[in-house]
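Read through the structure below, which is laid out as structure tokens, and then see the notes.
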Amino acid sequence: SSGINAEWPLRPGEQVVKIMVPLLKFYFHDLIRSAAAESLPFLLESVKHKGDDYVRDMWNYICPELFKSLQTEMEPDILAVVMESVASCVEVLGVGFIDSLQMEELVEAMKNHLKKNYDKEEERKEARKDEDYDEEVEEGIEEELDQDDYLLGKIADIIHNLFGVYGEDFIQVFDKLTEYFVAMLAPDRPGLEHQWAICVFDDLIDFAPNSAPKYQQHFLQPMMHYLSDINPGVRQAAAYGVGALATKFPGANSPYLEFCKNCIPNLVNVINDPESREIENMSATENCISAISKIFKHIIGQENLDEATVVTWLSWLPIQEDDEESVHIYGFLLDLVENNNVYVLGDNNANLPDIIKILTEGIIKKEKSTDCDSALIPLL
């Protein structure tokens with residue numbers, strides 16, 4: 001048999017899995033557990049050429065110990081690596097390998113971590129009210145917050161990949177976790193919880209848009225409100241979500257037409273803030289520019305934009321940092337140019353040199369090429 005069974009080890013790759021999986025519980029040395037967890041998605045990837053049955057056998061060998069580690073690992077740094085490994089395994093495996101019992105176990109583990117995170121924040125609130133509260137206690141709280149934020153980000157990564165792989169089919173499972181992310185959106189929760197909760201709902205909109213209306217009562221108002229948040233990561237997540245709604249629900253009859261339009265003032269305020277182009281604010285600002293570009297393209301329609309609006313939008317370009325959002329921003333600019341939009345081109349094409357400069361800078365500064373670049377280069 002080519003599967004993983006009692007006759008192992010047979011080949012070098014199989015020997016590695018037989019060594020690595022037991023090391024997930026090697027509690028004498030943290031780095032050994034970390035290295036073992038890191039290796040697992042790569043080992044799954046390395047045997048995909050042997051066919052689905054072989055991959056399934058290997059996954060069924062890995063899964064019990066990996067998920068047990070997800071539930072029992074006590075060191076936060078190592079737990080983060082385990083979570084990364086789970087997220088990568090989900091992505092490498094794709095549909096058809098994680099069975100219902102395994103999925104149930106995975107969800108239960110994430111639920112426990114989310115509940116623990118919620119309870120710890122309640123304890124921090126009480127600690128700040130205690131008569132012994134001082135600067136030293138606050139330092140400990142801040143250190144713990146950073147740790148918990150990092151782990152929340154890893155849970156969000158797992159959910160991102162589950163949505164990416166299963167789409168609408170993940171919704172029934174996601175329902176078991178929803179209450180925790182809704183709770184994280186409450187105003188009295190830490191800003192970083194707001195960020196990760198919005199990111200999760202962003203993924204729902206992106207990968208399971210048919211189910212978005214079912215959850216809109218939970219995310220619409222927080223998404224609009226947190227566009228103005230002091231934390232740039234929260235602003236970025238909220239802006240991305242607004243743009244995703246415009247993209248996934250396009251047209252004049254979009255159920256989110258009024259919502260998207262009502263978000264524009266908050267998005268513009270972020271872009272026009274005097275510190276919007278500082279390095280720590282850049283991604284949030286560019287996501288706001290992208291969100292407005294998506295609203296103009298998919299909801300309002302370029303033919304309905306007046307001169308002042310187009311000129312203002314053009315003044316925000318070029319963007320510097322976000323390769324993924326640049327596709328939407330420059331793609332919309334390309335649409336306007338190809339349709340000979342007089343507000344963009346100016347009288348007698350007077351703006352063309354500036355447009356060429358913007359597009360050229362956009363291509364040069366990007367780290368990776370895109371389909372948008374392929375369309376831009378012949379135009380230039």
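Heavy atoms of the protein chains alone define the surface here; on that basis the chain has 49 Å² accessible area per residue at 1.4 Å probe size. Placing R0 at 51 angstrom, the Cβ-Cβ distance between D347 and A186 gives a FRET efficiency of 0.45 after rounding to 0.05.
The Kirkwood radius of the chain, taken over pairs of alpha-carbon atoms, gives through the Stokes-Einstein law at 25 °C and 0.890 mPa s a diffusion coefficient of 106 µm² s⁻¹. Multiplying the residue separation of I32 and E324 by 0.36 nm and removing their Cα-Cα distance gives an extension gain of 101.6 nm.
A cut-off under 15 angstrom between Cβ atoms defines the neighbours of D175, and their net charge, with Lys, Arg +1 and Asp, Glu -1, is -3.
In the chain, Cα pairs under 8 Å separated by at least six residues give a relative contact order of 9 percent. Computed from point charges on the beta carbon alone (+1 for Lys and Arg, -1 for Asp and Glu), the dipole magnitude for region 91-213 about its Cα centre is near 760 Debye. Separation of region 179-194 from region 300-345 is 34 Å, based on Cα centroids.
What the Cα atoms of region 140-191 give is an Rg and a Dmax of 13.2, 41 Å.
Here, region 66-216 yields an orientationally averaged convex hull projection of 9.1 nm² when only Cα atoms define the hull.
Note on N340/L101: beta-carbon distance plugged into 1/(1 + (r/R0)^6) with R0 of 45 Å gives a FRET efficiency of 0.15.
Taking K and R as +1 and D and E as -1, what net charge do the other residues with C-beta under 14 Å from the C-beta of V55 add up to? Charge balance near V55 sits at -4. Under the simplified labelling scheme, the K25-I356 pair shows an inter-label distance of 6.8 nm, with each label point 7 Å from Cα along Cα→Cβ. How much of the accessible area of the chain, in percent, comes from carbon and sulfur atoms when a 1.4 Å probe is used? It is 51 percent, rounded to a whole number. Between E303 and N262, the simple spin-label model (points 7 angstrom out along Cα→Cβ) gives 2.8 nm.
The alpha-carbon atoms of region 249-305 define a convex hull whose volume equals 74 cubic angstrom per residue. All C-alpha to C-alpha distances of region 77-128, sorted into 5 Å bins beginning at zero, yield P(r) values of 4, 16, 18, 23, 15, 10, 7, 4, 2, 0 percent in whole numbers.
Residue pairs exceeding 26 angstrom between C-alpha atoms, taken from K25/K154; K18/K48; K111/K214; K50/K248; K116/K154: K50/K248. Label-to-label distance for R277 and H225 is 3.3 nm, based on points extended 7 Å past Cα in the beta-carbon direction.
The values are calculated or read from the model by the stated rules, or taken from the named source; none is laboratory data. Bear in mind the structure is a predicted one, so any value in this text is a computation, not a measurement. Note that we place each Cβ from the backbone using ideal geometry, even for glycine, and neighbour counts take in every protein chain shown. Just so you know, the surface numbers come from the protein's heavy atoms only, side chains and all, with ligands and any DNA or RNA stripped out. Shrake-Rupley method; radii C 1.70, N 1.55, O 1.52, S 1.80 Å.
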